[in-house]
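The values are calculated or read from the model by the stated rules, or taken from the named source; none is laboratory data. In this text, all values refer to a predicted model and were calculated from it rather than measured experimentally. Heads up, the Cβs are rebuilt from the backbone with ideal geometry, glycines too, and the neighbour counts pull from every protein chain shown. The protein model used for the area step is the full one, side chains on, heavy atoms only, and it has no ligands, DNA or RNA in it. Shrake-Rupley method; radii C 1.70, N 1.55, O 1.52, S 1.80 Å.
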Amino acid sequence: MPSKIELIEFYLPENVVTNEDLTKIRANWQPEKIEEKIGVRQRHVCAKNETALDLAEKACEKLFESNEYDKSKIDFLILCTQSPDYFLPTTACLLQSRLKLRVNIGAFDYNLGCSGYIYGLGIASGLIEASIAENILLVTSETYSKHLHNNDIALRSIFGDAASATIVSKCDWNGIKKIVFGTDGRMDYANNLIVKNGGMRNPYNENAETYTDESGNQYTDNNLYMNGPGIFNFTIQTVPSLIYTTLEKNNLKLEDVDHFVFHQANKYMLNYLRKKLKISEEKFYIDLYDTGNTVSSSIPIALKNCISKKIVQKGAKVLICGFGVGYSWGATIVEI
């Protein structure tokens with residue numbers, strides 16, 4: 001049974017941190033250079049007591065209210081986050097209660113980063129194809145700001161918090177086409193984007209050593225660490241073949257695709273990939289200016305904005321692609 005993306009909405013926290021705000025951390029930091037290179041002017045950051053569950057609830061309520069959607073039709077809820085409210089229970093179960101969804105539905109979390117939306121579409125499509133569900137609420141919600149050291153201006157300039165809500169429904173045409181997935185979890189790679197402390201292997205350590213890199217950014221093993229060059233190398237080596245494989249699997253050529261919406265990592269990386277793949281600027285959407293890198297929510301936010309701005313018209317084929325922490329990657333083509 002085929003499936004499609006029926007609706008998308010997203011929610012951004014009210015608190016906005018501009019590039020100028022970040023100069024309070026380091027006076028000699030030049031915000032205009034960061035804006036030019038990574039393509040971010042500001043990002044939304046959740047309040048101290050605001051969590052992924054709170055953002056998810058607001059994104060879902062926005063979806064229901066803006067589209068007058070009958071939430072009683074939802075028969076499965078899946079939620080992607082790497083900043084859950086608790087180790088257990090799952091955030092999805094708590095969200096089911098907050099949204100007052102039916103109790104005779106399935107609900108679970110899954111832990112993925114920037115490839116999370118693609119994986120979520122794959123899970124939702126599989127549930128529909130197996131006749132387990134017909135209308136799935138796919139939620140991505142991330143508060144990476146809680147993983148960041150206050151003095152790590154490099155990562156604070158890149159990441160923003162956000163949540164998205166998508167209805168994936170059964171249909172009589174192939175709205176979500178064949179999906180390609182990839183994983184390489186070698187520890188050498190995992191260490192390039194990691195929060196080392198806080199889980200069962202390495203508990204949170206209040207006395208963790210503070211590291212300072214050559215640019216003055218600080219972090220501990222309780223915080224998110226990112227090896228930028230390592231992630232960049234992984235991306236440029238992996239994504240082009242991912243795109244070609246996805247096209248081949250769907251019997252399409254690059255010119256058959258109307259638009260490309262990649263995970264919004266940073267402007268420099270996206271433009272590098274666009275040029276390497278020989279995709280025209282008109283077909284390639286970059287959407288970081290006011291949100292930053294929102295991890296698993298970056299693709300649905302960009303896709304929703306494309307639709308709202310009528311950049312993507314009904315019937316268009318859009319290649320969406322996610323890649324990052326894990327390492328994990330995935331891509332598919334959706335017909336709007």
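Among the listed residues Leu112, Leu77, which satisfies the condition of being in contact with a helix residue (DSSP H, G or I) (Cβ under 7 Å, 6 or more places away or on another chain) and either among the charged types (D, E, K, R) or within 19 Å of Ile8 (Cα to Cα) (or both)?
One residue alone meets the criteria, Leu77.
Arg41 - would you say it is out of contact with any strand residue (DSSP E or B) (no Cβ under 6 Å at 6 or more places or on another chain), open to solvent by 10 Å² or more (accessible area, probe 1.4 Å) and closer than 29 Å to Trp329 by Cβ? Spell out the reasoning first.
Working: out of contact with any strand residue (DSSP E or B) (no Cβ under 6 Å at 6 or more places or on another chain): yes; open to solvent by 10 Å² or more (accessible area, probe 1.4 Å): yes; closer than 29 Å to Trp329 by Cβ: yes.
Yes; evaluated as a whole, the condition is true for this residue.
Can you name the strands (runs of 3 or more DSSP E) wholly within the stretch 160-244 that have at least 3 residues being among the hydroxyl-bearing types (Ser, Thr, Tyr) and modelled with pLDDT of 95 or more?
By residue number, 162-170.
Could you please find all residues in the stretch 260-275 being farther than 23 Å from Ala162 by Cα and either open to solvent by less than 30 Å² (accessible area, probe 1.4 Å) or among the charged types (D, E, K, R) (or both)?
Leu273, Arg274, Lys275
Where residues in the stretch 69-92 are touching a Leu at 6+ places or on another chain (Cβ under 7 Å) and assigned to a loop (DSSP other than H, G, I, E, B), which of them is surrounded by the fewest Cβ atoms within 10 Å (Cβ to Cβ)? Break it down stepwise before answering.
Kept after step one, since they are touching a Leu at 6+ places or on another chain (Cβ under 7 Å), are these residues of the stretch 69-92: 69, 71, 74, 76-80, 85, 91-92.
Still in the running and assigned to a loop (DSSP other than H, G, I, E, B): 69, 74, 85.
On the way: Tyr69: 19, Ile74: 23, Asp85: 17.
Step by step, filter the stretch 69-92, then rank; the result is Asp85.
If I filter the stretch 1-38 down to residues being of a type in the set (A, V, I, L, M) and within 30 Å of Val334 (Cα to Cα), which single residue comes out as most open to solvent (accessible area, probe 1.4 Å)?
First, the residues of the stretch 1-38 that are of a type in the set (A, V, I, L, M): 1, 5, 7-8, 12, 16-17, 22, 25, 27, 34, 38.
Subsequent filtering for residues that are within 30 Å of Val334 (Cα to Cα) retains 1, 5, 7-8, 12, 38.
Numbers: Met1: 91, Ile5: 30, Leu7: 35, Ile8: 12, Leu12: 40, Ile38: 20 Å².
Selected residue: Met1.
Return the residue satisfying two criteria in turn: it lies in the stretch 297-326 and is in contact (Cβ under 8 Å) with a residue 60 or more places away in the chain and open to solvent by 10 Å² or more (accessible area, probe 1.4 Å), and of such residues it is nearest to Ala59 (Cα to Cα).
So the first thing to find is which residues in the stretch 297-326 are in contact (Cβ under 8 Å) with a residue 60 or more places away in the chain, and the list is 297-301, 303-304, 307, 317-326.
Imposing the further condition that a residue be open to solvent by 10 Å² or more (accessible area, probe 1.4 Å) reduces the set to 304, 307, 317, 325-326.
Working: Lys304: 13, Ile307: 17, Lys317: 25, Val325: 24, Gly326: 26 Å.
It comes out as Lys304.
Please state which of the following conditions Leu88 fails to meet, knowing it meets all the rest: (1) out of contact with any strand residue (DSSP E or B) (no Cβ under 8 Å at 6 or more places or on another chain); (2) touching a residue at least 24 places away in the same chain (Cβ under 8 Å).
Against the list (1) out of contact with any strand residue (DSSP E or B) (no Cβ under 8 Å at 6 or more places or on another chain); (2) touching a residue at least 24 places away in the same chain (Cβ under 8 Å), Leu88 comes up short only on (2).
Among residues belonging to the stretch 274-316 that are in a loop (DSSP other than H, G, I, E, B) and of a type in the set (Phe, Trp, Tyr), point out the one that is farthest from Lys146 (Cα to Cα). So that I can check it myself, show each step before the final result.
Initial filter on the stretch 274-316 (in a loop (DSSP other than H, G, I, E, B)): 278-280, 285-292, 294, 309-316.
Then keep just the ones that are of a type in the set (Phe, Trp, Tyr); that gives 285, 289.
On the way: Tyr285: 28, Tyr289: 21 Å.
So the residue we want is Tyr285.
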